[in-house]
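Below: the structure, in structure tokens.
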Amino acid sequence: MRDSDHPASSLSPEPVRAAAPEAGAPAWEAPSWESIVQDHSARVYRLAYRLTGNQHDAEDLTQDVFVRVFRSLKGYTPGTFEGWLHRITTNLFLDQVRRKQRIRMDAMGESDVQYAASGELHDPERGYEHANLDHDVQRALDSLVPEYRAAVVLCDIEGLSYEEIAVTLGIKLGTVRSRIHRARSQLRVLLAHRSRRPAGDVTGTGSLALLEALATEKAS
């Protein structure tokens, strides 16, 4: 049974708040939108690709993120800026997935849905390999339900703590633990063949971090 908690909508993303500045400290100045794009576009695109699994959707999601940042920057409260970007990116992704699922279910019959699901992993776009993840690692991530995928990517690849993920997704800490445990269990089956390959054969630190997390949880 899937957990029933849903992440807070990204339509009104709330920034991560910091403690009030000390007396006499200079007032915080928001960086320009151009500097934000220059400094953070690679990080946002990397997360977007790991969530969406293909170049086209990752580019669209990245663009949507910076549009949202531009609209929300004046209301941003100084805090962990990267955490704010994680939250916007992940929640926009989950919102888009839900919209697409509703459209597909409205437009197709049951047999069409089953056919589409069976062919999903053979989409030619998925042949595009992101520099930081092996192709089969990305494909395994793509097979997870979006909520599980988001949680395990944020934890095992992006390096967020369970508490940070709970804030990012707007869900309970127990739900975070459950999603990550289930995601790892499914990934362990999908990537069982990788456990027999030496670490030197793994492409990118993201893939290695994920595989190490799977092995560590299994050992414990």
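Rule-based calculations on the coordinates, nothing more; no lab input. The shown structure was predicted, so the numbers you read here are calculated from the model rather than taken from an experiment. FYI the Cβ positions are ideal-geometry reconstructions off the backbone, even for glycines, and counts take in every protein chain you see.
Ordered by the count of other Cβ atoms within 10 Å of each Cβ, fewest first, Ser207, Ser32, Ser185 give Ser32, Ser185, Ser207.
Ranked for footprinting exposure by Cβ neighbours inside 10 Å, fewest first, Trp33, Trp84 give Trp33, Trp84.
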